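Working notes for the structure below.
The values are calculated or read from the model by the stated rules, or taken from the named source; none is laboratory data. In this text, all values refer to a predicted model and were calculated from it rather than measured experimentally. Cβ atoms come from the backbone with ideal geometry, glycine included; neighbour counts cover every protein chain shown. Just the protein is used for accessible areas: all its heavy atoms, side chains included, with ligands, DNA and RNA removed. Shrake-Rupley method; radii C 1.70, N 1.55, O 1.52, S 1.80 Å.
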Amino acid sequence: MLKKKDIIQPVYNAGKITFYSVSPKKDKFGTIIRGEYQEEKVSSHWFRHLGITASDTYYAHADDVDISRKLAVRGKTNISTKYIAKIGDKTYEVYRYFYAYKNNETEISLKEVD
């Protein structure tokens, strides 16, 4: 007799991503210092890699953006496109995020920053 198919859960062990909020640096009088920014850690998550689809590339090119990575994080996370993300020693900007309720994960498209 054949065994019933088991539901396989996705594994989020490709690495750890940390999100930072970026705000202008201020001096002791509260004046913004031009060109200097401070990063404040918002959250950290384990992720899995996703493939960049043709439609992702098409919509990103319409905004003159080259997507370098696409990841998935478990659950619905509080992420903004104003955040930056760090994976290892590389820094990325969050281009797009989308909650996929069917898989209970948040898909994140990242643009690499020099």
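Annotations
- Take every pair of alpha-carbon atoms less than 8 Å apart whose residues are at least six positions apart; their mean separation over the length of the chain yields a relative contact order of 24 percent.
- Of the peptides 24-30, 96-102, 43-49, 71-77, the ranking by mean beta-carbon count within 10 Å, highest at the top, reads 71-77, 43-49, 96-102, 24-30.
- Sequence-separation-based contact order of segment 41-101, relative, with Cα cut under 8 Å and 6+ spacing, percent: 27
- Per-atom-type breakdown for the chain gives carbon and sulfur 49% of the accessible area (1.4 Å probe, protein chains only).
- Å² per residue, accessible surface of the chain at 1.4 Å: 76
- Extension gain for Lys26-Lys76 works out to 14.7 nm (0.36 nm per residue, less the C-alpha to C-alpha distance).
- Rounded if a/c under 1.5, otherwise prolate or oblate - segment 56-107, Cα gyration tensor axes: oblate
- Taking 19 Å as the straight-line reach from the Cα of Lys5, the lysines in range (excluding those fewer than 8 positions away in the same chain) are Lys102.
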